Amino acid sequence: MTYTIEKITTLIGAHHYGENAADVAFILTDSRSLCFPEETLFFALQTNRNDGHKYIPELYQRGVRNFVVTDVPADRAETYPDANFLKVSNTLKALQRLAERHRDEFDIPVVGITGSNGKTMVKEWLYQLLSPEMFVTRSPRSYNSQIGVPLSVWLMDEHTQVGVFEAGISKPGEMAALRAIIRPTIAVLTNLGTAHQENFSSMEAKCREKLVLFHDARTVVYDADDAIVRRIVSKTDIQGETIAWSRRDKNAAFYVSEVKKEDAMSVVSYIYKGVAGRYSLPFIDAASVSNSIICAVVALQLGLSRDALDRRMRLLEPVAMRLEVKEGQHGCTLINDSYNSDINSLDIALDFMNRRPDHKGRRHTLVLSDIYQSGKASRELYKEVSDLALKRDVEKFIGIGPQLCAQAEEIQLPEKFFFHTVEQFIHSEVFRSLHNEVILLKGARKFGFDQVTELLVKKVHETILEVNLNNVVENLNHYRSFLKPTTKLVCMIKADAYGSGSVEIAKTLQDHRVDYLAVAVADEGVTLRRNGITANVMIMNPEMTAFKTMFDYDLEPEVYSFRLLEALIRAAEKEGITDYPVHVKLDTGMHRLGFDPTADMKRLIDRLKHQNAIIPRSVFSHFVGSDSDAFDDFSARQFALFDAGSKQLQAAFSHKILRHMDNSAGIEHFPERQMDMCRLGLGLYGVDPRTNAMLQNVSTLKTTILQMHCVKAGETVGYSRKGVIEHDSLIAAIPIGYADGLDRRLGNRRCYCLVNGKKAPYVGNICMDVAMIDVTGIDCREGDSVEIFGDHLPVTVLSDVLETIPYEVLTGVSTRVKRVYFQD
Ligand SMILES: *Cc1c(COP(=O)(O)O)cnc(C)c1O
């Protein structure tokens, strides 16, 4: 569906500058995701961290001609002669307004889903249940925010027969805006959890906010077994029909009379509006069963027959939420996305691949299965796929499935191959010759794409460190929220990004526009450059032998002593380099490295002034105890010393020298000392250094059970007979030892890991490559997953037992443990 620029001007009440005819089909809020410039309308959003207006020149250059702005460029007529600028007072509101007006075009059922957990699963399952006969437009992945919701609703077009959208909130007052955009005819509250509780005075308050979605809906659906939800619903003025589901209340509109587990299936018996029914689904966990109940209520309400419901419930597929990045065979990197295949999620995955820079030479390859999407003719659909792949710089296309084989002509890529099945692909020369490529695997589960991944991924032992890139970004934003929009940020990715792997973390941080990345030694910087990182890189411990490398790779050293300074100047002069940026460190009390901020300043300034090989780009110091109030007085003294010394340096130069001192704890504790820049370390990786509480967990160290033994009372486990067994026990061996970074001092029951959510203590001495754990009484078997630390077992539990800090445990995970990265 397209709108003329005049129409949009009217819809959002803008002032139109530039009289150029244009049709708009795409909306863009993030300049990096641009795909079809000619038909794109860019909204220059302003957040407390960034301002979209900055990207207008670049976007114009790339062909975008339509912009929604709060400030029209002064040089509009000369610089942007053929562009349209729509001036509004608030660009986010304008985006939301446009989505509202777009929504007005549709008189069809629209489902709005809110709740703390399960929104995405309910949305995707509803799609699976309804899409065989209806064309469903839904939020891509979990686009459920103030920006994500308008972008989702914008996707409705003339094919759409039902809309299914998520609404996520984190603060009071947000739901009203989302409700006006989605205008659900059926509103659903999945459940009430603790997420974002810090922003609400109580659970009740959060529930009331979520229920704003219910106003004006024709039907509202909620869990009557949750006392808070029931109470707040009863006190809320609800116009429409209420459908409560309950497993306890026989009078509920949807009464679940029984949930029976049979092998790997759950059989749910229900009474809906007085009539008994039953369906089976291929999952047995409690969350899946609850989510299926919600889906059943909504699907029946939308007119799906009970028979069809049962038939389709049996075929429900798990919802893979994550894009995984894995190292593959033969120099390949795999991006694995088994999220339901449809064109919107394909676009997001291609965008993700493109945003991760790569050293030259590696081609981008797309392996795609048939896309199931009713309503669109397959020619049209695959032509769209082809356009998208071309625009997103895919060079090689591998299509799998009968539809793709039939539509091979529509795919306009220079290199293309088609196979009816995954088996044919795996046994082909095309598969064998995959080499030095970045491969996006995007396939519907039923095509068996798992086999492809398994064959392509490098074989390693079964211990992995899972790194959640979304949570890195969450933590980044958490710390950015303490800072002024103009304050720059250095992200510390030394020690292999505190153990999580510097290259992938750097790609994510660069994509989120941090100002500097900092590593310890030159080689770490070279690795970043070789992997396509172009951001500014700071070297904290520059080796005298590596100056040439730093110059060659554009890495900016820290200087902390006269000896280093002289050597650096000499090296730069020898290369004929001028004005090479360096970062001056002052020692204000750590007494580790740095110039004396009083005694050394005169000589330092004098030396810097009498050469032109290097220039100070920044000046900084480091707090010794910003994590503890006990050192506040000392911190104040450190700051005063730094303030004086750094101002003295600045006064000697006419160019701006960035001043910085705050680390993670400092950002939170002394935001007033943020100056020009801050240095974020541990907090980025999910640990609040001041409280040792977890922020959003980033790294999860996982392994699997190799073997299980029944061990009789009186026997011992492991070396030196340390693990004495007192009662007959079930002991499991796991393939992780002290050589992987599992500290030997955690053994002999001093700490535990988690097996299926239950604590399993380490028994006996931890060996080099294997450890033994007590799983007596835990429902588990060989091959089950074991969490050493991570999402459910904070790393601080281990560091506390070891009487150390989480930094040491995180950085201690050996490099032989494979890192797997994922993003929602
Ligand atoms: C490691 C480091 C940081 C980051 O410290 P965190 O406590 O992890 O935030 C900041 N500045 C310097 C100089 C560092 O070496």
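The values are calculated or read from the model by the stated rules, or taken from the named source; none is laboratory data. All values derive from a computational prediction rather than experimental measurement. Cβ: placed from backbone, ideal geometry, glycine included. Neighbour counts: every protein chain shown. Quick note on the areas: whole protein, heavy atoms, side chains included, nothing else; ligands and nucleic acids left out. Shrake-Rupley method; radii C 1.70, N 1.55, O 1.52, S 1.80 Å.
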- Item | Solvent exposure ordering (accessible area, 1.4 Å, most first) of 54, 609 | 54, 609
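Over its Cα atoms, what ratio of radius of gyration to 2.2 N^0.38 Å does the range 696-824 give?
Working: Rg = 14.2 Å, N = 129, 2.2 N^0.38 = 13.9 Å.
So the Cα radius of gyration is 1.02 times the expected 2.2 N^0.38 Å.
Would you mind checking the pairs 722/759; 210/488; 376/396 and listing those with alpha carbons more than 28 angstrom apart?
Values: 722/759 20 Å; 210/488 35 Å; 376/396 25 Å.
From the list (722/759; 210/488; 376/396), the Cα-Cα distance tops 28 Å for 210/488.
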- Task: Over 25 Å between C-alpha atoms is what I'm after, so list which of 235/261; 123/442; 442/818; 383/442 land there.
- Result: 235/261
- Message: I'd like the distance between the alpha-carbon centres of the range 759-824 and the range 654-726, rounded to an integer number of Å.
- Response: 12
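Could you sort the peptides 280-292, 721-733 by per-residue average Cβ neighbour count (10 Å cutoff), highest mean leading?
On the way: 280-292: 17.5, 721-733: 16.0.
The most tightly packed comes first, giving 280-292, 721-733.
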- Message: If you count only protein heavy atoms and use a 1.4 Å probe, how large is the accessible surface of residue 822, to the nearest 10 Å²?
- Response: 10
- What is the distance in Å between the Cα centres of the range 564-580 and the range 78-107? 52
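Taking the Kirkwood radius as the inverse of the mean 1/r across Cα pairs, report the Rg/Rh of the chain.
Working: Rg = 29.1 Å, Rh = 29.7 Å.
Taking Rg over the Kirkwood Rh, I get 0.98.
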- Item | Straight-distance crosslink candidates among aspartates and glutamates, where the alpha carbon sits under 13 Å from residue 712 and sequence neighbours closer than 8 are dropped | 726, 728, 774
- With bins of 5 Å, the percent of all Cα-Cα pairs of the range 418-520 per bin from 0 is 2, 9, 15, 16, 13, 12, 11, 9, 7, 4, 2, 0
- Task: Beta carbons within 10 angstrom, averaged per residue: use that to sort the peptides 42-52, 770-780, highest first.
- Result: 770-780, 42-52
- Item | √(5λ) per eigenvalue of the Cα gyration tensor, the range 106-314, largest first, Å | 25, 21, 15
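Average the reciprocal distances over every distinct pair of alpha-carbons in the range 493-590, invert the result, and give the Kirkwood radius in Å. Kindly include the intermediate steps, with their values, before the conclusion.
Details: mean 1/r = 0.0721 Å⁻¹.
By the Kirkwood definition, the hydrodynamic radius is 13.9 Å.
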- 5 Å binning of all Cα-Cα separations within the range 468-685, expressed as whole percents from 0 upward: 1, 7, 16, 19, 20, 17, 12, 6, 2, 0
- Task: Calculate how many DSSP beta bridges within the chain are antiparallel, expressed in % of all such bridges and rounded to the nearest 5.
- Result: 40
- Item | Spatial extent of the range 3-93: Rg and Dmax, with the Cα atoms as the point set, Å | 11.7, 33
- Query: 222 nm [θ] for the chain, helices only, -39500 (n - 2.57) per DSSP H run of 4+, per residue, to 500?
  - Reply: -8500 deg cm²/dmol
